[in-house]
Amino acid sequence: MNIRTRLTLLFMLLVASIMLLFTISVYYLYDQFRQQEFEQRLVEKALTTVRLREDVGEVPQNDLPVMADEQVTVYNSRGVILYNQYNQRPRFPISPDFLSKITLRHPQYARTGDLEAIGVRYINSRGESLFIVASANDRYGFSKLDRLREILFFGWLLSLFIVGIAGYLFATDALRPVAELITQVNAISATNIHERLRVGRQRDELADLARTFNDLLTRLEEAFVFQKSFVSHASHELRTPLTVMMGQIEVTRLQARSAHEYEVAFDALLDEVKSMIRLVNGLLELARASSDVVTLNYQPVRIDELLWQAQSLLVNKKPAYQIDIDFDNLPDQEEDLVINGEESLLQTAFQNLMENGCKYSSDQRVSVRIAFEAGQVQLTFSDNGYGIPASDLPHIFEPFYRSETTMTIKGHGIGLALTQRIIELHRGQIKVDSTVGVGTTFRITLPSSHRLLPIPSETRPTEEKSAKSYS
């Protein structure tokens, strides 16, 4: 059952229940009014009859209004019949208990089938207590009650029909924006993912739903564009060394060469293979850093030890690099040096920043400063290198992006993108300040372990990995 039908039925059920309660109330109240009115007529009939009998000595029937099946009977205090209209046997059975309940202020009412009776008490001029019972059939009142019942019943059925049509139209109008949203969503695909949902009513829940879905489409579009760009750049970066390798092999095979020449060719091929390995490792680390956070193994690690390890690995690989690590201020307690993190990823991020600072500086020197504030650790990586132009700063964290001023320096352009993603995984922030010709400073802020809540991770063996740097 679709929503339109369900809303229509619920609307009909609700209105039908209200209308039914209303019609029953009207019928019941009118029945009470009919009874009260007929009781009053019977009381008047009884009192008029007994007064005429007492004053005139007889009851002229032609001068009194007549009701259907009417009969008036007068009893004395002992229950003996003193007067019976038409001298017939009382049609309405009267018991002594009924007469005993009749008082001057409270007449007694009784009903048997269509006959209704009212018993009143009267004190005549001689002080005698008389009981008058008047009974009749309220045909006129019952006929009006039957007619009212028919009107209410058929009116209720007609109202149900009208409510059903109105409910269907109401549900259709209420769900029209939903149908429009469904049509628009079905029209969005990978080829037009830039399209957004439009809602005519801007201030209801459906408009909020459309805006939420548009935000989701925006995130999906960004991820989609990023994925396409990533695949395109990765393919290009992999194709270049493969093309170089294939060219070198083809040239080498054109003619016989000496052992030295073959060694030179193999060395060039080996350099290209190493470059490809670095690129592939960088892509794998970037994919790992972009994966779900629960797949990472977070453990308490000391930030200063990670920096010293990254420095040692980088200096062993590039002895000419000079990396200075120092504290701006000492921590209040040793726990301030500990953060919850993935050791290999953090080491990779720090090594990337150190290598970039040395690689893009003429003196191949980078200064690393450690500072502590309440609940956080601040790291500063500063160099005296070429600097980054202001136009390039918004793009330096994009994968495979390289400034034109550094195209002559060997690299792939994924190091900073990987570093930013690693810092974000650890709930930190990374900022950059750079002046062309003066140098560049990267500032990282990470929460310490007593402030950062443990991040759940899947139980798996911890792999021993050496830190890598990717530029």
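The values are calculated or read from the model by the stated rules, or taken from the named source; none is laboratory data. Because the structure is a prediction, the values reported are computed rather than measured. Note that each Cβ is placed from the backbone with ideal geometry, even for glycine, and that neighbours are counted across all protein chains shown.
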Legend entry - the range 1-31, residues that are under 14 Å from Y168 (Cβ atoms) and aromatic (F, W, Y): F11
Inset, instruction - Within the range 326-336, track down each residue that is in a loop (DSSP other than H, G, I, E, B) and buried (at least 20 other Cβ atoms within 10 Å of the Cβ). - result: none
Legend entry - Qualifying residue in the range 91-111 (condition: surrounded by fewer than 16 Cβ atoms within 10 Å (Cβ to Cβ) and at positive phi): no
Legend entry - Residue satisfying all of: in the range 290-310; within 13 Å of R369 (Cα to Cα) and either in contact with a strand residue (DSSP E or B) (Cβ under 6 Å, 6 or more places away or on another chain) or not in a helix (DSSP H, G or I) (or both); modelled with the lowest pLDDT among these: I303
Legend entry - Candidates A134, A171 - the one that is surrounded by 18 or more Cβ atoms within 10 Å (Cβ to Cβ) and not assigned by TED's automatic domain parsing to the domain that holds M12: A171
Legend entry - Checklist (1) in contact with a strand residue (DSSP E or B) (Cβ under 6 Å, 6 or more places away or on another chain); (2) surrounded by 12 or more Cβ atoms within 10 Å (Cβ to Cβ); (3) small (G, A, S) applied to S77, failing item: (2)
Legend entry - Condition check for E54: acidic (D, E), out of contact with any Leu (no Cβ under 7 Å at 6 or more places or on another chain) and modelled with pLDDT of 85 or more: no
Inset, instruction - Kindly provide the set of residues from the range 407-417 that are at pLDDT below 80 and either hydroxyl-bearing (S, T, Y) or touching a Pro at 6+ places or on another chain (Cβ under 8 Å) (or both), ordered by number. - result: T408, G413, I414
Inset, instruction - Please indicate, with yes or no, whether at least one residue in the range 196-207 is modelled with pLDDT under 80, surrounded by 15 or more Cβ atoms within 10 Å (Cβ to Cβ), assigned by TED's automatic domain parsing to the domain that holds M276 and more than 30 Å from L13 (Cβ to Cβ). - result: no
Inset, instruction - Looking for whichever is surrounded by 20 or more Cβ atoms within 10 Å (Cβ to Cβ), more than 46 Å from the chain's Cα centre (by Cα) and in the same structural domain as D433 (by TED's automatic domain parsing) here; the options are I323, I388, I339. Which one fits? - result: I323
Inset, instruction - Take the range 205-221 and flag every residue that is among the aliphatic types (A, V, I, L, M) and under 14 Å from the mean Cα position of the chain (by Cα). - result: L206, A207, L209, A210, L216
Inset, instruction - Those residues that are part of a strand (DSSP E or B) and among the small types (G, A, S), I need them from the range 117-171; list them, please. - result: A117, G119, S129, A134, S135, A136
